[in-house]
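Visitor: The structure under discussion is supplied below as structure tokens; questions concerning it will follow.
The values are calculated or read from the model by the stated rules, or taken from the named source; none is laboratory data. Keep in mind that what you see is a predicted model, and the values were worked out from it rather than measured. Ideal geometry is used to build each Cβ from the backbone, glycine not excepted, and the neighbour counts take in all protein chains shown.
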Amino acid sequence: MYKYDVCFALIYNEKLNRYTANILTAAIENKIDFAQVYLMPLLSDNPNLQELLPLNHKCRKIAVGITFMTTQVELVLSLVPKIRALIPKALLIAGGPHATGDPYGTLTKLGLDIVVYGEGEASLIDLLKALYNDKDINVCGTTYIDQDGSIIVKKRAPIDLNLYPPFPYWRNRFNPIEIMRGCSSACHFCQVTYVYGIPRYRDIDNIVYYARLKFEKGLKDLRFIAPNSFGYGSANGVKPNTDQLLSLLFKLRFLADHFGGRVFFGTFPSEVRPDSVEEDLVKEVRRLVNNKRIIIGGQSGSDNILKKINRKHTAEDIEYATEILIKNGFEVDVDLILGFGFETEEDIEKTKQLIDKLIKLKARIHLHTFIPLPGTPLFSIGFKPLNNNVKKYLTKLIGGGIAYGYWSEQERIAYKIEALKRREIIYDLYSYYKKLKIVKC
């Protein structure tokens, strides 16, 4: 006799995938009562998976989920055989941005059984229900390989964030409140639009409810997850809905003052698009938040690059937004990316010119190297290694305290991804699109 009908073990990296683990745990435990959820954080690249063994005797049905990013592919490649050896009867479920960006490689080379495609809450719940009821597990929101070798993608409609808690507070596990999911910008280097679709928002009352709950649990700081914080409530995710945004911040400010807490908005783990910065809005936001620093997603100082990566704003917009924010009492970090496959010396020079202007405004530069991510239009183009002169320039900026970032580590990651592509561990969509069948459900 088994103790549990269904056990779901979620393997994740505590540093990289903690928010996802919390969100999925919250959804499952809030909506169904027949599945026992085990959280298994990875604390090293050579984890001890022996904790999985008792599931063989405790559980009638076992599912093991692995949520991961492209930077974790090699680890997953090593984990899957070990998991199968420990619990042969387990269904192995892949999730996260990499599995959605490259479902073919995930299923054929990493060796997982099924992919939860896109956002996972509703799809994973339906999958576990199917497992519990001995039904077909290829539910809406999954990707799998059919008997004829076709890659079937069952696309689910976007979920309503209000139907799911942002974290499993009953486990005393918390994270920033996700107030916005999806993005209308469809930047060609970023997975957000291609994984989550167009923007949706958690309602103000729902946000305030969970903010109050965090304060009542003794937490003092409120942070939020949004691709573009100033786009909250916007019709297109870019042009601010000033009334909606300020209504949210007024209520959060009132709540924070009552509990002696703080509100951080437009800063880590979120950012602000430069074309969402309006001076009247900035003045109001400055009064209502505790953070002094705002992060702007600038990405490049070259209008040529900005056009090619589909940013829909200019380098001048970045400079203007920075000036407005600093003028009204904020400090500003600007994200900039180098190493796009089509980047020219002239493009780099334009970015350096923008950096000079931003430094004069007293902004700080957050440096990145382009990492090609599967499922995005730029994955097939790849990255261009930075030359020694550019590397010296970036090192000098960081040494002077006017820039920061893991650009060097990101360059190494980009090399690794290119190598995995050559080994055919990771696939470009164009290499298997003829086998792809998309079913809307």
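Visitor: Restricting to segment 128-143, name every residue that is free of Cβ contacts under 8 Å to residues at least 60 places away in the same chain, surrounded by fewer than 19 Cβ atoms within 10 Å (Cβ to Cβ) and not in a helix (DSSP H, G or I).
Guide: N133, D134, K135, D136, I137, N138
Visitor: Same structure again: Taking I225 as meeting all but one of (1) surrounded by fewer than 23 Cβ atoms within 10 Å (Cβ to Cβ); (2) farther than 30 Å from S380 by Cα; (3) of a type in the set (A, V, I, L, M, F, W, C), write down the number of the exception.
Guide: In the conditions (1) surrounded by fewer than 23 Cβ atoms within 10 Å (Cβ to Cβ); (2) farther than 30 Å from S380 by Cα; (3) of a type in the set (A, V, I, L, M, F, W, C), I225 misses (2) alone.
Visitor: On the given criteria, is V390 within 28 Å of L420 (Cβ to Cβ), in contact (Cβ under 8 Å) with a residue 24 or more places away in the chain, in contact with a strand residue (DSSP E or B) (Cβ under 9 Å, 6 or more places away or on another chain) and not assigned by TED's automatic domain parsing to the domain that holds M69?
Guide: So V390 passes the test.
Visitor: Counting only residues that are in a helix (DSSP H, G or I) and modelled with pLDDT under 95, how many does segment 194-213 have?
Guide: 3
Visitor: Right, next: Kindly indicate which of I359, I426 is over 22 Å from I296 (Cα atoms) and outside the structural domain of T108 (by TED's automatic domain parsing).
Guide: Every option except I426 fails the conditions.
Visitor: Taking segment 379-408 as the region of interest, how many residues are surrounded by 21 or more Cβ atoms within 10 Å (Cβ to Cβ) and under 30 Å from Y117 (Cβ atoms)?
Guide: So the count comes out to 2.
Yes/no matrix, rows are residues, columns are (1) farther than 20 Å from P377 by Cβ; (2) in contact with an Asp or Glu (Cβ under 7 Å, 6 or more places away or on another chain):
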residue: I402; (1), (2): yes, no
residue: W407; (1), (2): yes, no
residue: R412; (1), (2): yes, no
residue: E418; (1), (2): no, no
residue: I426; (1), (2): no, yes
residue: Y433; (1), (2): no, no
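Visitor: A follow-up question, please. For V192, all conditions in the list (1) among the hydrophobic types (A, V, I, L, M, F, W, C); (2) under 25 Å from T70 (Cα atoms); (3) touching a strand residue (DSSP E or B) at 6+ places or on another chain (Cβ under 8 Å) hold save one; what is the number of the exception?
Guide: Here V192 meets the rest and fails (3).
Visitor: Of these, N56, N30, which one is touching a residue at least 24 places away in the same chain (Cβ under 8 Å), touching a Lys or Arg at 6+ places or on another chain (Cβ under 8 Å) and in a helix (DSSP H, G or I)?
Guide: N56 is the lone residue from the list that is touching a residue at least 24 places away in the same chain (Cβ under 8 Å), touching a Lys or Arg at 6+ places or on another chain (Cβ under 8 Å) and in a helix (DSSP H, G or I).
Visitor: Given I371, I359, which one is touching a residue at least 24 places away in the same chain (Cβ under 8 Å), part of a helix (DSSP H, G or I) and surrounded by 13 or more Cβ atoms within 10 Å (Cβ to Cβ)?
Guide: I359
Visitor: Let me ask something else about it. I'd like to know if segment 94-104 contains one or more residues that are surrounded by fewer than 20 Cβ atoms within 10 Å (Cβ to Cβ), modelled with pLDDT of 95 or more, outside any strand (DSSP E or B) and of a type outside the set (D, E, K, R).
Guide: no
Visitor: Which one is nearest to T71 (Cα to Cα), of the residues in segment 3-27 that are touching a residue at least 12 places away in the same chain (Cβ under 8 Å) and surrounded by fewer than 13 Cβ atoms within 10 Å (Cβ to Cβ)?
Guide: For segment 3-27, the residue satisfying everything is E14.
Visitor: Next up: Given the conditions (1) surrounded by 15 or more Cβ atoms within 10 Å (Cβ to Cβ); (2) within 23 Å of I137 (Cβ to Cβ), which single one is not true for D33?
Guide: Going through (1) surrounded by 15 or more Cβ atoms within 10 Å (Cβ to Cβ); (2) within 23 Å of I137 (Cβ to Cβ) one by one, D33 breaks only (1).
Visitor: Name the pairs whose Cβ atoms lie under 7 Å apart, with the first residue in segment 239-256 and within 19 Å of S276 (Cβ to Cβ), the second of a type in the set (F, W, Y) and in a helix (DSSP H, G or I), and 6 or more positions between them or separate chains?
Guide: Filtered contacts from segment 239-256: P240/F230; L245/F230.
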